[in-house]
Amino acid sequence: MTTKTADSKGRVTLGERFANRTVIIEDIDETEVRVTLARVIPEREAWLYENDKALTSVRRGLEQARAGQTVKGPNLKAAAKLADSIPDDAD
């Protein structure tokens, strides 16, 4: 336990282990607050954590990638050759 005194603006330093970290400050009651380390998820990514099916799928894909269970990608040379063989009707 550490005793600290708040400055004239009510600020207290938390120490090095909290340096450059995001925290949640929770008022428990008139005499107690709780400081919890936190991570922030960007708003545009929050949907993933709200959709169990999508999150499970992403986690499964990441596990498969880590295990080297990947599929061969498309043959881009063959696709380009096919595209080049199609007559251009724009002329």
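All of the numbers you see were taken from the coordinates with simple rules; none came from a lab. Just so it is clear, the model here is predicted, and its values are computed rather than measured. Ideal geometry is used to build each Cβ from the backbone, glycine not excepted, and the neighbour counts take in all protein chains shown.
Remarks
- Every pair of residues 6+ apart whose Cβ atoms lie under 8 Å, when the first sits in segment 5-18 and is part of a helix (DSSP H, G or I) while the second is surrounded by 10 or more Cβ atoms within 10 Å (Cβ to Cβ) and not acidic (Asp, Glu): 18/35; 18/37
- All told, residue 36 falls short of being surrounded by 10 or more Cβ atoms within 10 Å (Cβ to Cβ) and either touching a residue at least 60 places away in the same chain (Cβ under 8 Å) or under 22 Å from the mean Cα position of the chain (by Cα) (or both).
- Residue 30 vs. criteria within 30 Å of residue 15 (Cβ to Cβ) and out of contact with any strand residue (DSSP E or B) (no Cβ under 6 Å at 6 or more places or on another chain): yes
- In segment 41-79, the residues that are over 17 Å from the mean Cα position of the chain (by Cα) and assigned to a loop (DSSP other than H, G, I, E, B): 67, 68, 69, 70, 71, 72, 73, 74, 75
- Condition met for residue 56 (surrounded by 10 or more Cβ atoms within 10 Å (Cβ to Cβ), in contact with a Lys or Arg (Cβ under 8 Å, 6 or more places away or on another chain) and polar (S, T, N, Q)): no
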